[in-house]
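Peer 1: After the structure tokens below, expect a handful of questions from me.
No lab work stands behind these numbers, since they all come straight from the coordinates. Since the structure is predicted, the reported quantities are computational estimates derived from the model, not experimental observations. Reconstructed Cβ throughout: ideal geometry from the backbone, glycine too, with neighbour counts over all protein chains shown.
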Amino acid sequence: MEKRKYYQPEIETMPREELKKLQSEKLVKQVKHVYDNVAYYREKMDKMGVKPEDIHGIEDLHKLPFIEKSDLRDTYPDGMLAVPREEVVRIHSTSGTTGRRVIAYYTQHDIDLWEDCCARAIVAVGADKEDIIQVSYGYGLFTGGSGLHGGSHKVGCMTIPMSSGNTERQIQFMTDLGATVLCCTPSYAAYLGESLKEMGYTPDTIPLKAGIFGAEPWTASMRKSIEETLGIKAYDIYGLTEISGPGVSFECAEQGGMHVNEDHFIAEIINPETGEPLPYGEKGELVFTCLDKEAFPMLRYRTRDICVLNAEPCPCGRTHIRMSKPMGRSDDMMIIRGVNVFPSQIESVLLNEGFSPNYQIKLGRVNNNDTFDVYVELPAEQFDDSVKTIAEKERTLKDAMRNMLGIGPSVHLVPPKTIARSEGKAVRIIDERKLHD
Ligand code: DLL
């Protein structure tokens with residue numbers, strides 16, 4: 001049987017004029033839905049003097065107000081919910097403190113369209129019904145596991161719901177069942193590759209042929225090294241909880257950027273300082289508008305990811321525009337071992353535990369794995385504490401940080417006034433990982 005090239009060919013290869021018409025029709029309906037059902041956004045629109053009747057199509061998109069992470073914080077937990085609660089079938093959430101955490105709501109329709117997006121990504125890497133997909137993204141509140149799991153079902157692949165961790169068991173299932181596609185973070189893929197190598201597997205004895213890796217930045221050299229160790233072709237996938245999860249965009253065999261699923265999400269690039277929309281080809285902050293999500297329909301959501309959009313036709317035949325890999329962020333969020341971390345979270349743990357917020361975060365990379373160290377100044381009166389007491393304090397801080405972040409750094413207590421003071425903004429983060437090419 002000949003392999004399919006696309007999961008939903010009529011949509012993925014739709015002529016751009018038709019696609020724009022479809023987007024316009026959906027946008028008009030969506031703005032009305034949000035205006036009628038989300039008081040917070042209605043007030044924002046009213047303040048700007050914009051009514052749903054002013055939105056006739058995508059050419060009017062720029063008239064709408066942005067939604068930022070701070071808006072989601074202000075409306076926590078359900079102030080952005082646009083349907084009655086009984087219509088909701090699931091939630092997912094970003095990592096972070098209560099204040100930072102975002103809860104995304106889904107109706108069955110929202111889950112369906114999200115899984116379709118993931119199915120498109122799976123077919124784009126050359127997988128089909130006969131493939132066996134090992135999903136090693138985390139399951140649970142994180143969107144990675146469920147999203148690709150759902151997509152894999154839609155394509156009809158045998159799905160191994162491994163979740164992350166327990167590397168030995170991962171390798172046992174992968175080799176015993178002959179998994180052909182691996183879905184996980186690139187750093188976990190690199191780690192699995194190293195472990196397989198140590199166990200004596202060579203690329204030709206590993207059954208995998210492709211990997212779908214995302215949720216964190218990774219470089220071209222990391223891609224090359226994963227491909228060589230696992231003997232696969234490695235594909236990028238992008239997404240964020242607020243917009244649905246993985247599959248907002250995905251790479252095709254051409255690997256010249258990630259196709260945005262434009263029948264569901266409009267992508268814009270703006271100047272992060274002024275909010276002014278920028279033309280395709282210019283670098284700026286990526287903004288998404290959900291065209292047909294029901295429960296949590298973000299309009300002009302500022303992702304803080306810095307990217308470039310490319311509307312040139314792709315030789316793969318898909319007509320949807322491509323986004324570059326995110327080249328950085330316009331805020332201070334770090335992604336450490338796949339977990340989103342803000343310095344303010346570290347700061348709040350320090351204050352809770354009675355420390356001053358004189359600290360520095362050092363990020364590095366050993367064997368394609370993130371190292372995460374936090375240096376904290378001891379208050380002067382605790383400086384003479386015994387080594388044992390200091391070690392206990394370090395442990396307490398580590399546990400408190402793990403509780404807050406979901407990952408535990410190595411905590412180092414250092415003598416007072418040893419962390420360099422800066423003249424201007426404190427240098428809180430030293431990131432030596434070189435995550436961007
Ligand atoms: O990371 C969803 C996801 C799961 C994507 C599995 C791909 C695969 P969040 O936890 O909400 O959602 O984090 C979203 O992660 O704004 C980017 O900064 C970053 N990110 C996601 N994918 C990529 C990627 C998921 N391929 C945030 N390359 C986003 C670089 C990525 N950064």
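Peer 1: Against the empirical 2.2 N^0.38 Å scaling, what ratio does the C-alpha Rg of the chain come to? Intermediate results must be reported in sequence, preceding the final value.
Peer 2: On the way: Rg = 22.7 Å, N = 437, 2.2 N^0.38 = 22.2 Å.
Its radius of gyration relative to the 2.2 N^0.38 Å reference: 1.02.
Peer 1: At 0.36 nm per residue, minus the direct Cα-Cα distance, what do residue 362 and residue 312 gain on full extension? Give it in nm, one decimal, please. Please list the in-between numbers first.
Peer 2: On the way: separation 50, 0.36 × 50 = 18.00 nm, distance 3.94 nm.
Taking residue 362 through residue 312 to full extension adds about 14.1 nm, to one decimal.
Peer 1: So who's got an amide H within less than 5 Å of the one on residue 240, skipping anything under 5 residues away but keeping other chains? H placed 1.01 Å off N, in plane.
Peer 2: The answer is 245, 248.
Peer 1: Which ³J(HN,Hα) values in Hz, rounded to whole numbers, follow from the phi angles of the stretch 143-158 under the Karplus curve 6.51 cos²θ - 1.76 cosθ + 1.60, where θ = phi - 60° and Gly and Pro get x?
Peer 2: Along the stretch 143-158, the couplings run 7, x, x, 4, x, 6, 4, x, x, 5, 4, 4, 6, x, 7, 6 Hz.
Peer 1: Quick one: what are the phi-derived ³J(HN,Hα) couplings along the stretch 113-127, Karplus 6.51/-1.76/1.60 with θ = phi - 60°, whole Hz, x for glycine and proline?
Peer 2: Each residue of the stretch 113-127 in turn: 6, 5, 5, 4, 4, 5, 5, 4, 5, 5, 5, 5, 8, x, 8 Hz.
Peer 1: Another one. Normalised by the residues of the chain, what does the relative contact order come to in percent, with Cα pairs under 8 Å and at least six apart? Walk me through the intermediate numbers first.
Peer 2: Numbers: 866 pairs, mean separation 61.6, N = 437.
Relative contact order for the chain comes out at 14 percent.
Peer 1: Assuming 0.36 nm per residue, please report the length gained on full extension of the stretch residue 417 to residue 431 beyond their Cα-Cα distance.
Peer 2: Values: separation 14, 0.36 × 14 = 5.04 nm, distance 2.15 nm.
Stretched out fully, the residue 417 to residue 431 stretch lengthens by 2.9 nm.
Peer 1: Work out how much length residue 56 to residue 395 would gain on full extension: take 0.36 nm times their residue separation and subtract the Cα-Cα distance, in nm to one decimal.
Peer 2: Numbers: separation 339, 0.36 × 339 = 122.04 nm, distance 5.78 nm.
Answer, rounded to one decimal: 116.3 nm.
Peer 1: Within a Cβ distance under 10 Å of residue 338, other residues only, what is the Lys/Arg minus Asp/Glu net charge? Mind dumping the intermediate values first?
Peer 2: Details: positive: 337; negative: 216, 370.
Taking every Cβ under 10 Å from that of residue 338, the sum is -1.
Peer 1: Residue 219 to residue 280: FRET efficiency via 1/(1 + (r/R0)^6), r the Cβ-Cβ distance, R0 25 Å, to the nearest 0.05?
Peer 2: On the way: r = 24 Å, r/R0 = 0.97.
Efficiency for this residue pair is about 0.55.
Peer 1: Could you derive backbone 3J(HN,Hα) for the stretch 357-365 from the dihedral phi with the Karplus parameters 6.51, -1.76 and 1.60 (θ = phi - 60°), listing whole Hz in sequence and x where the residue is Gly or Pro?
Peer 2: These are the phi-based 3J(HN,Hα) values: x, 8, 8, 9, 9, 10, 10, x, 9 Hz.
Peer 1: Determine, from the Cβ-Cβ distance of residue 158 and residue 4 and an R0 of 22 Å, the FRET efficiency 1/(1 + (r/R0)^6), rounded to the nearest 0.05. Intermediate results must be reported in sequence, preceding the final value.
Peer 2: Values: r = 17 Å, r/R0 = 0.78.
After rounding, the FRET efficiency stands at 0.80.
Peer 1: At residue 46 and residue 387, where each label point lies 7 Å from the Cα along Cα→Cβ, what is the point-to-point distance in nanometres?
Peer 2: That separation, rounded to one decimal, is 6.6 nm.
Peer 1: Using a cut-off of 29 Å between alpha-carbon atoms, which lysines can reach residue 5, once sequence neighbours fewer than 8 places away in the same chain are excluded?
Peer 2: Partners within reach: 20, 21, 26, 129, 154, 209, 224, 233, 293, 325.
Peer 1: For every helix of n ≥ 4 consecutive DSSP H residues, a contribution of -39,500 (n - 2.57) applies; sum these over the chain, divide by its total residues, and give [θ] at 222 nm rounded to the nearest 500 deg cm²/dmol. Don't jump to the answer; show the numbers that get you there.
Peer 2: Values: 11 runs with 136 residues, N = 437.
That comes out to -9500 deg cm²/dmol.
Peer 1: Next up: What distance in nm separates the two pseudo spin-label positions at residue 202 and residue 369, each 7 Å out from Cα along the beta-carbon direction?
Peer 2: Rounded to a tenth, the inter-label distance reads 2.6 nm.
Peer 1: Shifting gears a bit: With unit charges on the beta carbons (Lys and Arg positive, Asp and Glu negative) and the dipole taken about the Cα centre of the chain, which residue among 364, 23, 414 sits farthest to the positive side?
Peer 2: Highest projection toward the positive end goes to 414.
Peer 1: I would also like to ask the following. Over the chain, with a Gaussian network built from C-alpha contacts below 10 Å, which listed residue (25, 381, 242) shows the highest mean-square fluctuation?
Peer 2: Maximum among the listed residues: 381.
Peer 1: Continuing with the same structure: Eigenvalues of the Cα gyration tensor times 5, then square-rooted: what semi-axes does that give for the stretch 1-118, in whole angstrom, largest first? Mind showing how you got there, number by number?
Peer 2: On the way: eigenvalues 158, 103, 31 Å².
Equivalent ellipsoid of the stretch 1-118: 28, 23, 13 Å, largest first.
Peer 1: Amide H neighbours of residue 67 under 5 Å, counting only residues 5+ apart in sequence or on other chains, H built in-plane at 1.01 Å?
Peer 2: When sequence neighbours closer than 5 places are left aside, the close amide H contacts are 301, 302.
Peer 1: What are the residues whose amide H is under 5 Å from the amide H of residue 377, where those residues sit 5 or more places off or on another chain and H is modelled from the backbone?
Peer 2: 358, 414
Peer 1: So what is the relative contact order for the stretch 126-170, in percent, with contacts set as C-alpha pairs under 8 Å and at least six apart?
Peer 2: On the way: 62 pairs, mean separation 21.2, N = 45.
Result for the stretch 126-170 is 47 percent.
Peer 1: Based on other C-beta atoms within 10 Å, arrange 91, 430 from fewest to most. Don't skip to the end; give the middle numbers.
Peer 2: Details: 91 16, 430 12.
Final ranking by Cβ density, sparse to dense: 430, 91.
Peer 1: Where Lys and Arg each count +1 and Asp and Glu each count -1, what net charge lies around residue 112 among other residues with Cβ under 12 Å from its Cβ?
Peer 2: Details: positive: 90, 154, 293; negative: 110, 115, 116, 292, 294.
Here the count lands on -2.
Peer 1: Based on other C-beta atoms within 10 Å, arrange 330, 410 from fewest to most. If you can, show how the numbers build up before the last one.
Peer 2: Working: 330 17, 410 12.
In increasing order of surrounding Cβ atoms, one gets 410, 330.
Peer 1: With the crude spin-label approximation of a point 7 Å out along Cα→Cβ, what separation in nm comes out for residue 78 versus residue 167?
Peer 2: For residue 78 paired with residue 167, the spin-label model returns 4.2 nm.
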